[in-house]
1. From largest to smallest, what semi-axes in whole angstrom does segment 6-278 give when each is the square root of 5 times an eigenvalue of its alpha carbon gyration tensor?
2. GNM, the chain, Cα, under 10 Å: largest mean-square fluctuation among Leu200, Leu82, Leu220?
3. For the chain, what does -39500 (n - 2.57) per DSSP helix run (n ≥ 4), summed and divided by total residues, give at 222 nm, in deg cm²/dmol to the nearest 500?
4. State the extension gain, in nm to one decimal, for the chain segment bounded by Arg218 and Lys138, taking 0.36 nm per residue of separation less the distance between their alpha-carbons.
5. Treat every Asp and Glu Cβ in the chain as -1 and every Lys and Arg Cβ as +1, leave all other atoms uncharged, and give the resulting dipole magnitude about the Cα centre to the nearest 20 debye.
6. Over segment 201-247, what is the relative contact order in percent, taking alpha-carbon pairs closer than 8 angstrom and at least six residues apart?
7. Summarise the accessible area of the chain (1.4 Å probe, protein heavy atoms) by the percent that is carbon and sulfur.
8. If you average the sequence gap of Cα pairs under 8 Å that are 6 or more apart and divide by the length of the chain, what percent do you get for the contact order?
Amino acid sequence: MLSYRHSFHAGNHADVLKHTVQSLIIESLKEKDKPFLYLDTHSGAGRYQLSGEHAEKTGEYLEGIARIWQRDDVPAELEAYLSAVKHFNRGEQLRYYPGSPLIARQLLRDFDKIHLTELHPTDFPLLRNEFAKDERAKVMKADGYQQLKSQLPPLSRRGFVLIDPPYEMKTDYQDVVKGIQEGYKRFATGVYALWYPVVLRQQIKRMTRDLQDTGIRRILQIELAVRPDSDQRGMTASGMIVINPPWKLEQQMRDVLPWLHKVLVPEGTGHAKVEWIVPE
Ligand code: SAM
């Protein structure tokens with residue numbers, strides 16, 4: 001079943017959080033003058049038209065990227081992310097939202113590598129076209145979880161893996177943990193970032209318990225909630241779980257998250273938190 005289309009959700013508050021963390025990790029890895037692999041297991045289409053039928057239907061980006069991209073009090077932690085967004089929106093109007101592959105494309109250096117996988121029959125060719133002329137990129141119509149076995153460890157021995165499944169199937173909550181275990185077995189020094197939605201809090205509690213049970217250390221959780229937890233339908237919060245975060249990430253997110261929460265949720269509901277699931 002592949003009914004999820006990210007075009008309905010592009011640029012929402014969850015994307016803002018995810019792509020802020022993604023860009024900060026990339027910028028940290030760039031501090032060393034050595035190449036690294038960016039592996040995006042669930043890539044999506046790459047580019048989303050915000051005036052398109054899908055984004056207009058939900059209007060989610062209006063409560064996400066539209067609230068921050070043109071402010072003049074933006075904290076430094078958002079600079080890299082917003083520079084990528086602005087690259088695709090040269091004028092005053094917010095027309096396109098770059099997904100994680102295009103944010104990586106903008107921020108990575110010539111000698112870094114990009115491996116992208118996407119399974120959706122409509123989104124895959126769109127993604128492939130975006131990267132047709134990019135010599136750093138390998139774009140595959142393949143299962144993202146499988147890449148955690150076949151693409152790791154990277155030749156460069158440095159890497160950042162973004163795992164961003166749609167959680168259409170309940171098994172995704174267990175599959176991500178198994179996938180991370182497989183990846184970590186092969187490449188224990190990599191940076192892994194797992195995105196999650198909070199729809200039912202119990203699912204996330206179970207997933208974090210399963211992650212703790214793997215024995216993996218250095219697992220940081222970053223979460224932004226727009227509403228309190230609820231047993232009604234719908235996502236109330238989202239988060240990023242980062243294994244082996246670059247040393248600055250915890251403080252960067254502690255600094256920027258209150259600002260993001262204030263601007264994205266002017267009504268003040270929900271919460272923002274940064275905490276270790278498993279420390280050193
Ligand atoms: N990472 C993207 C971004 O931030 O712009 C968004 C990705 S979206 C949340 C999840 C994507 O995973 C969907 O486009 C879906 O088609 C794709 N997908 C679902 N199952 C997959 C699998 N097993 N392997 C690879 N891609 C998959």
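The values are calculated or read from the model by the stated rules, or taken from the named source; none is laboratory data. The structure presented is a predicted model; accordingly, all values stated were derived computationally and were not measured. Note that we place each Cβ from the backbone using ideal geometry, even for glycine, and neighbour counts take in every protein chain shown. Remember, those area values only see protein heavy atoms, side chains included, never the ligands or the DNA or RNA. Shrake-Rupley method; radii C 1.70, N 1.55, O 1.52, S 1.80 Å.
1. Numbers: eigenvalues 121, 105, 72 Å².
After diagonalising the Cα gyration tensor, the semi-axes are 25, 23, 19 Å.
2. Leu200
3. Working: 9 runs with 99 residues, N = 280.
Value at 222 nm, helices only: -10500 deg cm²/dmol.
4. Details: separation 80, 0.36 × 80 = 28.80 nm, distance 2.94 nm.
Value of the extension gain: 25.9 nm.
5. Details: 39 positive and 37 negative charges, 139 e Å.
Using only the charged Cβ atoms, the result is roughly 660 debye.
6. Numbers: 41 pairs, mean separation 18.0, N = 47.
Once divided by the residue count of segment 201-247, the mean separation gives 38 percent.
7. On the way: 6220 of 12810 Å².
Here carbon and sulfur together make up 49 percent of the probe-accessible area.
8. Values: 516 pairs, mean separation 59.9, N = 280.
Relative contact order of the chain: 21 percent.
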